[in-house]
Each structure stands twice: as C-alpha cells, then as structure tokens.
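Take a look at the structure set out below.
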Amino acid sequence: MRADARRNYELIVATAREVFFEHGVDAPLDDVVKRAGIGAGTLYRHFPTRDVLVEAVYRQEIEDIAERARQLAKERPPEEALAEWLREMVRFHVDRSDLTAALKAAIDEDSATFQYCKGALRDAAWELLSRAQDAGIVRADLESVDLMRLSHGLGASAKHADEAARERMLSVVMNGLRP
C-alpha cells in the first residue's frame, strides 16, 4: 500500500473507532467521512462495506489489547500486570460489546480475522500468564485460554455492575488464580 493510502486507511480506522465508540457501530458512515475529512470514495475504496470496516476496527482494538499486555509485562510485576490486563479486558468487554456483537454477526469463527484476533489475544494472555506462573503466583495448570474465558465471563457479568463491583469480581478471580 502506498504511504498516502496507508495514512488514509489508518485515519479511517481511527476515526471509525471514535465514531463507533460514541454512537455505536450503526452510526452513519457519513459521520466517519466527515470527521476524517476525506471523501466517501476514499472510505469505500478501502472499506467496500460496513462489515469490512467493523472488522478492521475490531482487529485494531485487539492489536492494541495485545500490545498493552506486552507493555504491562515489561513495566509491572507479574501479578500486577496480569490483574491490570484483566481489568482492561473487562473494560473492553463492557465498552465494546456492540463492536464485538457486530463483528460476530458479520464474520464466522473460521474467518482469518477471527482466527487472527483469537491468536493475538491468546498470545498476549500467555505472555502475562507464563510470567506469573514462573514467579509462582498463579496456578501452574492454567492456560492462556483460561484467562480468555475468565475475561469474557467477567466482562459479561460486569456490563451492568459499577466499578466497585467489578473490582470485587476481579479480586475473586485473582484469588482463584493463586496456587
């Protein structure tokens, strides 16, 4: 992709993230066009359908979450990094449930995007989990997929909970991860 086309692509995805977060994934794509300051043709050249744009936005969200796990692994002690990442995963599930639902409606679980996102999250979880296991602060029998399931469960149950309730649930999970 040429540099200017790449910039437009990234601008559209970043702008769509903002618009979708503020107004939901059903927001008019004209809002994305106007806010990005591009023409409709530029949008549709990169993203011929709303589903393709939703897929790109979701993929970027997952890449950001995976990068955050790597960053936390470098910057924080293992238990603190794991707890903070789970906290952020819960926030993602609560804040981005519309995006996730739209993606699941648009693509099937065998698609390249779904498999990529699943792998990226599993790898991110593994990086944090393996550090915590090596430090002896979480159970040795846990797998990264266990963390993914826990984060999904926490996110689903936290959707209608306040911050204090979310922290209590996270505390219960963190205690359950210990050997």
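Every read-out reported here was derived from the displayed coordinates using simple, explicitly stated rules and does not represent laboratory data. Bear in mind that the values here come from a model prediction, so they are computed numbers and not experimental data. Here Cβ is always computed from backbone atoms with ideal geometry, including for glycine, and neighbour counts include all displayed protein chains.
Tabulated values for the structure
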quantity	calculated
Efficiency of FRET from Cβ geometry, D134 and S111, R₀ 35 Å, rounded to 0.05	0.55
Farthest toward positive dipole pole in the chain [+1 Lys/Arg, -1 Asp/Glu at C-beta], among L154, L170, L82	L82
Sequence of L11, L154 once ranked by neighbouring C-beta atoms within 10 Å, starting from the fewest	L11, L154
Difference of contour (0.36 nm per residue) and Cα-Cα distance, E88 to R178	30.4 nm
Given (1) 15.0, 43; (2) 18.8, 67; (3) 17.9, 56, the label whose value is Rg and Dmax of the Cα atoms in Å derived from this model	(3)
Pairwise FRET efficiency - E67 versus E22, Cβ, R0 = 22 Å, nearest 0.05	0.45
Approximate spin-label separation K34-V52, in nm, with each point projected 7 Å along Cα-to-Cβ	2.4 nm
19 Å cut-off, amide nitrogen to a point 7 angstrom out along E167 Cα→Cβ, residues in the stretch 130-144	none
Charge context of V138, other residues only, Cβ under 12 angstrom, K/R +1, D/E -1	-2
Extension gain (nm, one decimal) between Y44 and D146, 0.36 nm per residue minus Cα-Cα	32.8 nm
Check: the stretch 31-179 dipole with +1 on Lys, Arg Cβ and -1 on Asp, Glu Cβ, in debye	260 debye
For the stretch 1-48, size of Cβ-based charge dipole, Lys and Arg +1, Asp and Glu -1, in debye	300 debye
Inter-probe distance in nm under a simple model that places probes 7 Å from Cα toward Cβ, at K159 and R76	2.5 nm
